[in-house]
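Following: one structure in structure tokens, then a few remarks.
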């Protein structure tokens with residue numbers, strides 16, 4: 001698409017955090033987001049998304065390691081326009097209910113490196129019968145990220161990260177297995 005605009009997103013996020021003792025923190029979060037596609041042929045995929053959840057963070061020992069977990073639930077209201085592709089309006093699979101769990105953590109290795117990980121599982125269920133399978137679509141997305149930050153000298157950071165996504169769907173077109181590899185060098189000027 002080059003520099004063409006693909007989609008617009010407008011939203012609002014909120015989060016509340018509360019310390020429980022000196023090593024634990026609870027949080028609650030909510031977000032509302034609108035996704036609107038620029039191409040007329042893609043506007044059938046327009047949705048309004050609402051997500052809410054809660055989580056916990058624990059700090060170990062002298063504060064060099066953490067572990068966190070969260071649960072969330074949400075919906076995507078199908079607000080797509082009527083078109084030749086979608087005469088009833090909206091996406092083929094309709095509105096979506098979703099929920100999931102995430103865990104993550106980090107730890108320092110000596111003074112010059114930090115390791116981190118994040119993983120999650122999200123379940124989705126759609127409310128319209130998909131003509132390709134004569135059933136309602138359902139997906140399960142698993143993801144895992146593992147990475148490290150290394151600080152070789154003052155103001156410098158080298159980051160390496162690997163993320164793996166596996167999406168399983170009862171509609172073959174939506175199933176995939178993908179890995180992203182990321183390496184960056186950063187110089188701070190403060």
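Counting only residues that are more than 22 Å from residue 100 (Cα to Cα) and part of a strand (DSSP E or B), segment 25-56 holds 2 of them. Quick one: would you say residue 145 is at pLDDT 95 or above and within 19 Å of residue 65 (Cα to Cα)? Judged against the criteria, residue 145 is a match. Going through (1) outside any strand (DSSP E or B); (2) under 25 Å from residue 188 (Cβ atoms); (3) in contact with a strand residue (DSSP E or B) (Cβ under 7 Å, 6 or more places away or on another chain) one by one, residue 117 falls short only on (1). Of the residues screened, residue 110 is one that is over 23 Å from residue 46 (Cα atoms) and either surrounded by fewer than 16 Cβ atoms within 10 Å (Cβ to Cβ) or at pLDDT below 95 (or both).
Of the residues in segment 2-22, at least one is within 23 Å of the chain's Cα centre (by Cα) and in a loop (DSSP other than H, G, I, E, B).
The values are calculated or read from the model by the stated rules, or taken from the named source; none is laboratory data. Treat the numbers as computed from the prediction; the structure is a model and nothing was measured. Cβ sites come from the backbone with ideal geometry, for glycine too, and all protein chains shown count toward neighbours.
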